[in-house]
Amino acid sequence: MEIKKQTSLRGEMEVPGDKSISHRAVMFGSLADGTTRITHFLNGADCLSTISCFRKMGIRIENTKEEVLVHGKGLYGLCAPEDVLDVGNSGTTTRLISGILSGQNFVSELNGDASIQTRPMKRIITPLLSMGADIKSIRGNDCAPLRISGHPLSAVHHTSPVASAQVKSCVLLAGMYADGITSVTEPVLSRNHTEIMLNYFGADVTSRGTTASIAPGPILRAREIHVPGDISSAAYFIAAGLLTPGSEILIKNVGINPTRDGILRVLRDMGADITLMNVCADGEPTADLLVRFSTLHGTAIGGEIIPALIDEIPMLAVIAAFAEGTTVIRDAQELKVKESNRIEVMVNNLKRMGADIEATEDGMIIRGGAPLHGALIDSHMDHRVAMSFAVAGTICDGTMDILGAECVNISYPDFYRDLYALGQ
Ligand code: S3P
């Protein structure tokens, strides 16, 4: 797909619902008693995979344009699926559902696309085995497909070597089916949507520093959930507004949970003019973001902030290439095991645009300011790569052509429509 250059962006917009929160709303709604109503749900392919898995386990889920209604059947209400649960491209579906399936009284199999079959599952298999779960990688390579024979579990304290909300959530969800308090400690706090939402549904989850604990056997009650706009999707428009001369855009109702707002902190540090308006701090905090064209400079990104911006690093790498001076990204080796190897894929594609960039073991070094031009970009079917280069294509000269551009469907089906909607 060829991307068109834009002169300036002006006006207001809203981005689709948060992907992490949409997944969790369907999962926890399925395990609650009663009907959970979800508005501003993300109807992207990943969240639809979650819906399809729970439908296969006997949960009635109505999905209209306005709302999703999940007719939950309680903690023990799932039925054995008749065929393989298809998780598509979704790591969140795979890892969170594995925790739930480990505590059921039936056998299930999970599988997904080529990318999901290469993503590391040992990080959940190890803690689940320690809880007494019967889970195995069918091909013996610690990846999907997975086979899980559910049964009651033992409570454990798991120390995770990676800061991963998917691992933390998997263990906490399995902990609902355990015989005591289950806890997880991670090296750095990762996104805490599971802890917030499980408590909202009536579970007893406590958080102390980087440790989260859950009491077993909660009675979850159906709730109303309005999903905030996804800051990871807003990131593309924040970038477009900052980098396109003459722009001023207002992105309304964006989730700004402090475990997710690293992009805002880093961009401000790079000189970005971003103002938070209408901040609402109830539950999952939200705000409207006013973004104005800014002159940006390089920065250092590493350490504790990484989990709070891990999904925004592809976009940040592009921004850094347009900024003046050097940006160094460290401690981000997790990028290698996302939907694609995002260090390699971003560096190779940015080089094609003329950027001065090199990959490192745990990140990249970008010497900004080199003249950038359109190029043939291979998205490797990674939605965040495709969207990052689409934004780059609206700013630079020359033809920007993205292979596999349709993969934005995973998290933002109307991305290209929205990308051109604010142009003058
Ligand atoms: C997610 C957690 C993160 C993130 C992913 C969504 C979640 O992954 O990259 O896009 O919803 O819990 P990790 O837990 O693997 O870091």
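We did not get these values from a lab; they are worked out from the coordinates using the rules stated. Worth saying up front: this structure is predicted, and the values here are computed from it rather than measured. All Cβ positions, even for glycine, are placed from backbone atoms using ideal geometry, and neighbour counts span all protein chains on display.
Couple of notes before you dig in:
- Of everything in region 260-314 that is among the β-branched types (V, I, T) and surrounded by fewer than 14 Cβ atoms within 10 Å (Cβ to Cβ), the residue that is nearest to L335 (Cα to Cα) is T295.
- Only one of V87, V70 that is in contact (Cβ under 8 Å) with a residue 40 or more places away in the chain, closer than 18 Å to C47 by Cα, within 16 Å of the ligand (Cβ to nearest atom) and crowded, with 22+ Cβ neighbours inside 10 Å: V87
- Matching residues, region 365-381, being surrounded by fewer than 24 Cβ atoms within 10 Å (Cβ to Cβ) and under 19 Å from Y236 (Cβ atoms): G368, L372, G374, A375, D378, H380, M381
- Candidates are the residues of region 222-242 that are outside any helix (DSSP H, G or I) and aliphatic (A, V, I, L, M); the one that is surrounded by the most Cβ atoms within 10 Å (Cβ to Cβ) is I225.
- Residue in region 182-221 that is surrounded by the most Cβ atoms within 10 Å (Cβ to Cβ), counting only those that are within 25 Å of I305 (Cα to Cα) and charged (D, E, K, R): R191
- Within region 12-79, strands (runs of 3 or more DSSP E) holding 2 or more residues that are under 15 Å from I100 (Cβ atoms): 67-73
- In region 314-335, the residues that are more than 20 Å from D273 (Cβ to Cβ) and touching a Gly at 6+ places or on another chain (Cβ under 8 Å): T326, V328, I329, R330, D331, A332, Q333, L335
- Residue within region 353-362 that is within 15 Å of the ligand (Cβ to nearest atom) and within 23 Å of the chain's Cα centre (by Cα) present: yes
- One residue from E312, E344 being more than 13 Å from the ligand (Cβ to nearest atom) and assigned to a helix (DSSP H, G or I): E344
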